[in-house]
1. Scan region 164-214 residue by residue and report those that are farther than 15 Å from Ile144 by Cβ, under 18 Å from the mean Cα position of the chain (by Cα) and surrounded by 22 or more Cβ atoms within 10 Å (Cβ to Cβ).
2. Just wondering, is there one or more residues in region 126-141 that are open to solvent by less than 10 Å² (accessible area, probe 1.4 Å), within 16 Å of the ligand (Cβ to nearest atom), within 20 Å of the chain's Cα centre (by Cα) and at pLDDT 95 or above?
3. Can you find, within region 265-309, the residue that is modelled with the highest pLDDT among those that are within 16 Å of the ligand (Cβ to nearest atom) and in contact with a Ser or Thr (Cβ under 7 Å, 6 or more places away or on another chain)?
4. Give the residues of region 113-125 that are over 22 Å from Val103 (Cβ atoms) and either open to solvent by 40 Å² or more (accessible area, probe 1.4 Å) or in a loop (DSSP other than H, G, I, E, B) (or both), sorted by residue number.
5. Name the single residue that is farthest from the ligand (Cβ to nearest atom) among those in region 1-19 being surrounded by 24 or more Cβ atoms within 10 Å (Cβ to Cβ) and either of a type in the set (Val, Ile, Thr) or part of a loop (DSSP other than H, G, I, E, B) (or both).
6. Of the residues that sit in region 286-307 and are free of Cβ contacts under 8 Å to residues at least 12 places away in the same chain and part of a helix (DSSP H, G or I), which one is surrounded by the most Cβ atoms within 10 Å (Cβ to Cβ)?
7. Restricting the search to region 82-101, which residues are β-branched (Val, Ile, Thr) and either open to solvent by less than 10 Å² (accessible area, probe 1.4 Å) or in a loop (DSSP other than H, G, I, E, B) (or both)?
8. Out of everything in region 308-323 that is surrounded by fewer than 14 Cβ atoms within 10 Å (Cβ to Cβ) and not aliphatic (A, V, I, L, M), what residue ends up being nearest to Phe74 (Cα to Cα)?
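The values are calculated or read from the model by the stated rules, or taken from the named source; none is laboratory data. Given the structure is predicted, the values throughout are model-derived calculations rather than measurements. Glycine also receives a Cβ, built like all others from the backbone with ideal geometry; neighbour counts cover every protein chain displayed. Quick note on the areas: whole protein, heavy atoms, side chains included, nothing else; ligands and nucleic acids left out. Shrake-Rupley method; radii C 1.70, N 1.55, O 1.52, S 1.80 Å.
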Amino acid sequence: MNVGILGCGTMGRLHAEMAEKCGLKVVQCSDVNSQSGKDLAKNFKAKFVKNWEDVVANKEVDIVAIATPTPLHFPMLDMAIKKGKYIFCEKPLCRTVEECKKVIQKAEKAKIKLFVGHVVRYFHEFEAIHEQIKSGKIGEVGFIKMYRGGMPPQGKNSWFRDFSKSGGVTFDCMIHDIDWLRYIFGEVKTVYCQNLIEKNCAPLDYSQVTVRMKNGVLALVIGTWAHPSGFRVKVEVCGSDGLMYYDNMETPLEVQLREQSKVSGTIVPESPVIKSPYQKEWEDFISWIKDGKEPRVSMYDALKAVEIVSACLRSAKIKQPVNL
Ligand SMILES: NC(=O)c1ccc[n+]([C@@H]2O[C@H](COP(=O)([O-])OP(=O)(O)OC[C@H]3O[C@@H](n4cnc5c(N)ncnc54)[C@H](O)[C@@H]3O)[C@@H](O)[C@H]2O)c1
């Protein structure tokens, strides 16, 4: 099957690589930034196409991979559904709940296989934590603390700096943890969020969300784009019989100076295992297309994730908990 990449930044490059690792062929790459598009196209012996609409309209493209700034997901999804493509879309599904609902309605009607990259479900460490919880190793879980983030997304003109586009760290980044919590513990009852979104200090942002799940489990989710360097992920799960703790960068105390930007875009967390979680999500998507096996993430999960992080932003604005 042939893949067309829409958006050739951090995630577009990664997904082109994963698609090829899964035996697919990247045939077209589109980006408003011609240099980014041409560079990626050259790497994959694909064709650079300036306008994304031309990629979506191309009959030779079977799968459209959407990796553009979040507000562009909606028009791209809309057209890809109309053209009957298989779709791999980065999270968040869309920038608003209303757009997510419209997309899902259209995808359902047109029977489109739409996969959304909630990749934390595929991270080895998170799968291991899930397994331990399921096996009852630490008894009944009562509290989870999750932490994700590091330096702000780089690039002077990066769209991440415009919080109306990215939603800041709460919407863009913590959606990973919120989705994972829902995947493991079921529906969310209440969120109470405090963040820096009104402080106009973009791209720096910091956010903490208290989440009460319907089953009574309590979680604290912290996200940051305010660190001087690196990218850290920590998880603490406290149960009636014990505690589980994971930290991707356990190091002694160190002083870090704010890094000058060497990279553009965001930093994607790495995993020490041989097979990337980003490849695993592509394999899941492809097996859905080929064998009809339901993937680990559904478009309804992606809608729920957007609903919850949108409720977090509302909560931060009104400075009150919000019920879902
Ligand atoms: N799953 C993850 O781990 C993860 C990590 C980072 C970002 N993301 C998500 O992936 C998406 C892309 O983020 P990114 O970090 O790759 O951003 P990025 O800024 O690195 O790349 C976006 C690319 O889209 C291009 N673009 C902008 N407008 C376009 C248009 N009209 N047509 C074609 N291309 C256009 C930009 O020029 C840029 O090259 C976002 O939705 C983001 O939330 C997911």
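1. Ser166, Gly167, Gly168, Val169, Thr170, Phe171, Asp172, Cys173, Ile175, Asp205, Ser207 - these are the residues of region 164-214 that are farther than 15 Å from Ile144 by Cβ, under 18 Å from the mean Cα position of the chain (by Cα) and surrounded by 22 or more Cβ atoms within 10 Å (Cβ to Cβ).
2. No, there is no match, as no residue in region 126-141 is open to solvent by less than 10 Å² (accessible area, probe 1.4 Å), within 16 Å of the ligand (Cβ to nearest atom), within 20 Å of the chain's Cα centre (by Cα) and at pLDDT 95 or above.
3. Val309
4. Phe123, His124 - these are the residues of region 113-125 that are over 22 Å from Val103 (Cβ atoms) and either open to solvent by 40 Å² or more (accessible area, probe 1.4 Å) or in a loop (DSSP other than H, G, I, E, B) (or both).
5. Val3
6. Ser287
7. So the first thing to find is which residues in region 82-101 are β-branched (Val, Ile, Thr), and the list is 87, 96-97.
Passing the criteria: Ile87, Thr96.
8. Restricting attention to region 308-323, the residues satisfying the condition of being surrounded by fewer than 14 Cβ atoms within 10 Å (Cβ to Cβ) are 314, 317-320, 323.
Now restrict to residues that are not aliphatic (A, V, I, L, M): 314, 317, 319-320, 323.
On the way: Arg314: 21, Lys317: 25, Lys319: 29, Gln320: 29, Asn323: 26 Å.
Result: Arg314.
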